[in-house]
Amino acid sequence: MREDPLWKLLGDLPEDRPASAKLVRREAFDGYRLESLLLELNGIEEVPAYVALPEEGEGPYPVVLFNHSHGGNYEQGKRELIRSSPYLQQDSFARELTAMGYAACCIDMWCFGERGGRAESETFKEMLWNGQVMWGMMLHDNLKFLDYLCGREDTDSSRIATVGMSMGAMMAWWSAALDERIGVTVDICGQVEARALIERRGLDHHGFYSYVPGLLKHAETIDIQKRIVPRPRISLNGGHDRLCPPEGVRRLDGELRAAYAEAGCPERWSSVVTGGGHAETLEMRECWKGFLREHL
């Protein structure tokens, strides 16, 4: 991973080490089994996580790596897996995904949930001074979490998907671009094309966390997303979402349609634009569930 040119743009990363976990609590929760864990992923601070498992059976279960959103709600974090944020459909992702027979798993990102207490801007600036990039540190933890998940006896490491909303959607497609173990990608309201965002003067609609120094000197948004081809991906966006400028969504759709067609698998790419803004609609919910059933 360290030799990948895209990873090299993501700053100085923690020393590579095996991922390990400590079980804090196991409980029956809302129709599924929920594990609360503390993970050793980065050598800097422990990372709290949830692993939600179907109520019945012993696995191995396909894995869905859930990436929580931002929304300015730093207290939410991984809790979004089990208790939806207001802009998501209210049946939780944990309940929906475990009912489909999947293990649904999520960590607290830097500054969120049980990793809170420091402002995002403070953390971003300190990391920058130390040669680190906050987005790179987030991606590092997320994919080290995947290392841990792939080592569990109750998970099927050959069947992995990732899903998220907003910040979590960008984390989904970036993670899939960097890690070929992720077989299916679902991103909701996170199809942010950098050039369109600049043209719309929309940079301040997004937090510090996702800005990678020098990125556009080396890679456009489409260059990152084409790394996912030919693996199945569905991107769902609101037609009035100012955080994901519609002209950028259209440009990416056109280029990705061509890329998947050239790869001989046009059915593996789906771009869905619904009404509404920066929120998961019921139509989106039904679309991504059907896509996972078909491809995971």
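The values are calculated or read from the model by the stated rules, or taken from the named source; none is laboratory data. Keep in mind that what you see is a predicted model, and the values were worked out from it rather than measured. Note: ideal-geometry Cβ built from the backbone for every residue, glycine included; neighbour counts use all protein chains shown.
Of note:
- Only a single criterion out of (1) without any contact (Cβ under 8 Å) to a residue 24 or more places away in the chain; (2) buried (at least 22 other Cβ atoms within 10 Å of the Cβ) is not satisfied by Asp241, namely (1).
- Gly164 under 18 Å from Gly290 (Cα atoms), small (Gly, Ala, Ser) and in contact with a Leu (Cβ under 9 Å, 6 or more places away or on another chain): yes
- Answer residue from the stretch 245-296, given it is of a type in the set (D, E, K, R), surrounded by 14 or more Cβ atoms within 10 Å (Cβ to Cβ) and over 30 Å from Asp204 (Cα atoms) and is farthest from the chain's Cα centre (by Cα) among those: Arg268
- Top-ranked residue in the stretch 56-105 [being outside any loop (DSSP other than H, G, I, E, B) and of a type in the set (Phe, Trp, Tyr); ranked as nearest to the chain's Cα centre (by Cα)]: Phe66
- Members of the stretch 47-79 that are touching a Cys at 6+ places or on another chain (Cβ under 9 Å) and on the phi > 0 side of the Ramachandran plot: Gly77
- Residue list for the stretch 1-50, filter: polar (S, T, N, Q) and assigned to a strand (DSSP E or B): Ser20, Ser36
- Pairs with Cβ under 7 Å, 6+ apart, first in the stretch 93-121 and closer than 19 Å to Arg152 by Cβ, second hydroxyl-bearing (Ser, Thr, Tyr) and modelled with pLDDT under 95: none
- Odd one out for Glu75 among (1) out of contact with any Ser or Thr (no Cβ under 6 Å at 6 or more places or on another chain); (2) closer than 24 Å to Pro14 by Cα: (2)
- Within the option set Leu34, Leu41, being at pLDDT 95 or above, farther than 23 Å from Gly11 by Cβ and either surrounded by 18 or more Cβ atoms within 10 Å (Cβ to Cβ) or under 15 Å from the mean Cα position of the chain (by Cα) (or both) holds for one residue only, Leu34.
Here's the yes/no breakdown for (1) at pLDDT below 95; (2) within 30 Å of Met127 (Cα to Cα):
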{"site": "Val186", "(1), (2)": "no, yes"}
{"site": "Ile198", "(1), (2)": "yes, yes"}
{"site": "Asp223", "(1), (2)": "no, yes"}
{"site": "Gly238", "(1), (2)": "no, no"}
{"site": "Gly254", "(1), (2)": "no, no"}
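- Contacts under 7 angstrom Cβ, first residue in the stretch 58-87 being under 18 Å from Met134 (Cα atoms) and surrounded by 21 or more Cβ atoms within 10 Å (Cβ to Cβ), partner of a type in the set (Gly, Ala, Ser) and modelled with pLDDT under 95, 6 or more apart: His70/Gly207
- Answer residue from the stretch 14-31, given it is buried (at least 18 other Cβ atoms within 10 Å of the Cβ) and at pLDDT 95 or above and is nearest to the chain's Cα centre (by Cα) among those: Ala19
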